[in-house]
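Asks: What follows is a structure written as structure tokens; I'll ask about it next.
Each value in this text was obtained by applying a stated rule to the coordinates, not by laboratory testing. The shown structure was predicted, so the numbers you read here are calculated from the model rather than taken from an experiment. Cβ: placed from backbone, ideal geometry, glycine included. Neighbour counts: every protein chain shown.
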Amino acid sequence: MEYQNELKKLENIDHLRTLIDKSKTAMLTTFGTADGFHSRPMATAQLDVEGYLWFFTNEFSPKVAEISIDNKVNVTYSNSSANTYISINGTAQLVDDRAKMHELWDPFIEAFFKHGVEDPKLILLKVDISDAEYWDNSAGALGLAFKWMKAVITGTKFEPGEHEKVDL
């Protein structure tokens, strides 16, 4: 039974990675200030095989201060051209691991951190995913039209795409 659960977890992570790779840019939402929720775009560095989301960030940014107050976060992805949407809940932590930074480094990040991996402000934000929900309607217009016609002809409920909640 434990083997099946682990296999299902790996399948869920792999499917989420496929959907995330279509978007790459997330909205990270934190809570921890008198102003309530705060969201900002973040470039995803990686969703690893263990189910951790990784982002580069500035150690002295407001999001880091908010996470120090309440480390529960929500990460959302929206890709309207692919008709995929993801909402992820988890807990965030800061990781100062230069080897991991080298592994994840992308030249795009250098626009924000001029000194590269050795930038003293650079730190990794790691999100331990507790659960996720996704909508995958990537069949395209023709696929959706076929599903709609099938529902009309058979009298069944129209299901435009895949929608699932997963625990990691």
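Asks: Rounded to whole Å, give me the distance from the Cα center of the range 1-51 to that of the range 67-133.
Replies: Centre-to-centre distance over Cα atoms comes out at 9 Å.
Asks: Same structure, new question: Counting other Cβ atoms within 10 Å, keep those with at most 16, restrict to DSSP loop, and tell me which GluC sites (Glu not before Pro) in the range 55-139 are left. Numbers along the way, then the final one.
Replies: Working: sites: 59, 66, 103, 110, 118, 133; in loops: 59.
Here the sparse-neighbourhood loop sites are 59.
Asks: What chymotrypsin sites (Phe, Trp or Tyr not before Pro) in the range 50-111 are in a loop by DSSP, with at most 15 other Cβ atoms within 10 Å of the Cβ?
Replies: For chymotrypsin sites (Phe, Trp or Tyr not before Pro) across the range 50-111 that sit outside H, G, I, E and B with at most 15 neighbouring Cβ atoms in 10 Å, the list reads 60.
Asks: Further, regarding this structure: Would you kindly state how much longer the chain becomes between residue 114 and residue 68 on full extension, computed as 0.36 nm times their sequence separation minus their alpha carbon distance, in nm to one decimal?
Replies: Length gained, residue 114 through residue 68: 14.0 nm.
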